[in-house]
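Report on the following structure.
The values are calculated or read from the model by the stated rules, or taken from the named source; none is laboratory data. Keep in mind it's a predicted model, so treat the numbers as computed, not measured. With ideal geometry, Cβ positions are generated from the backbone for all residues, glycine too; neighbour counts draw on all protein chains shown. Please note that ligands, DNA and RNA were not included when accessible areas were found on the heavy atoms of the full protein model with its side chains. Shrake-Rupley method; radii C 1.70, N 1.55, O 1.52, S 1.80 Å.
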Amino acid sequence: MSADDHQPSRRFPQQDCPAVHLIVPIKPLHRAKSRLLGAADAGARSPVAHAELVAAVALDTVAAARRAEGVAGVVVITSDPRLTAEFTAAGVDVIPDSPAAGLNAALRHGDAELRVARIGALQADLPALQPDDLAAALRAAGADRSFCPDRHGTGTTLLLAEPGRPLAPRFGPGWACSSV
């Protein structure tokens, strides 16, 4: 990912909807994406290999988001020193995860720090994310509060606030059913 991957703020020509600023929260690498270590792999992958995988997936997800039409900017919320260094070197803004109280708190913190026209939350574990797919989701959402469920329909990969409104995340059990 290079600084050239980011393009300036863009609007969709067919809508009067401001481009979205996406917040991507990421736990410290040693704690992130623990579900990737399922029972079958629990002893097979080292903590170093796990951290490498999580970092690579997050970097790919953010790179794709930065190239998507309708994305004005991407901000990573993390207190992990390695991720902070890698994203900063790539030209991505990083906000320390404070008070490090979980996903909803990190998203509310990012929302309060940014104070921009439109906020969205994007999960960091979308290695196959393509900029055109994200742009299509943003176009489909228009100016409405919207979310994109995960493959199982129980989680959320993308949450969008209405322009000028807070993100108001409610991640947790039953999240996909209560997100809009």
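Residue-wise test of (1) under 21 Å from LEU160 (Cα atoms); (2) open to solvent by less than 10 Å² (accessible area, probe 1.4 Å).
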{"residue": "ASP60", "(1), (2)": "yes, no"}
{"residue": "LEU83", "(1), (2)": "no, yes"}
{"residue": "ASP93", "(1), (2)": "yes, no"}
{"residue": "PRO96", "(1), (2)": "no, no"}
{"residue": "LEU103", "(1), (2)": "yes, no"}
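Among the residues of the range 84-126, which ones are assigned to a strand (DSSP E or B) and of a type in the set (Val, Ile, Thr)? VAL94, ILE95, ILE119, listed by residue number.
Here ALA161, ALA140 are screened, and the one residue that is of a type in the set (Gly, Ala, Ser) and in contact with a Lys or Arg (Cβ under 7 Å, 6 or more places away or on another chain) is ALA161. Residue under question is GLY73, and the condition is that it be under 19 Å from LEU160 (Cα atoms), open to solvent by less than 20 Å² (accessible area, probe 1.4 Å), in a helix (DSSP H, G or I) and of a type in the set (Gly, Ala, Ser); does it hold? Spelling it out, it is not the case that GLY73 is under 19 Å from LEU160 (Cα atoms), open to solvent by less than 20 Å² (accessible area, probe 1.4 Å), in a helix (DSSP H, G or I) and of a type in the set (Gly, Ala, Ser). In the range 119-141, the residue that is least open to solvent (accessible area, probe 1.4 Å) out of those that are within 17 Å of CYS17 (Cβ to Cβ) and without any contact (Cβ under 8 Å) to a residue 60 or more places away in the chain is ALA141. With the condition kept exactly as written, say whether any residue in the range 45-57 is at pLDDT below 60, surrounded by fewer than 15 Cβ atoms within 10 Å (Cβ to Cβ) and part of a loop (DSSP other than H, G, I, E, B). Looking through the range 45-57, none of the residues is at pLDDT below 60, surrounded by fewer than 15 Cβ atoms within 10 Å (Cβ to Cβ) and part of a loop (DSSP other than H, G, I, E, B). The numbered conditions (1) closer than 18 Å to PRO25 by Cβ; (2) in contact with a Leu (Cβ under 9 Å, 6 or more places away or on another chain); (3) at pLDDT 85 or above are all true for SER146 except (1).
Do the conditions hold for PHE171, that is, is it surrounded by 18 or more Cβ atoms within 10 Å (Cβ to Cβ), assigned to a loop (DSSP other than H, G, I, E, B), modelled with pLDDT under 95 and under 16 Å from the mean Cα position of the chain (by Cα)? Spelling it out, PHE171 is indeed surrounded by 18 or more Cβ atoms within 10 Å (Cβ to Cβ), assigned to a loop (DSSP other than H, G, I, E, B), modelled with pLDDT under 95 and under 16 Å from the mean Cα position of the chain (by Cα).
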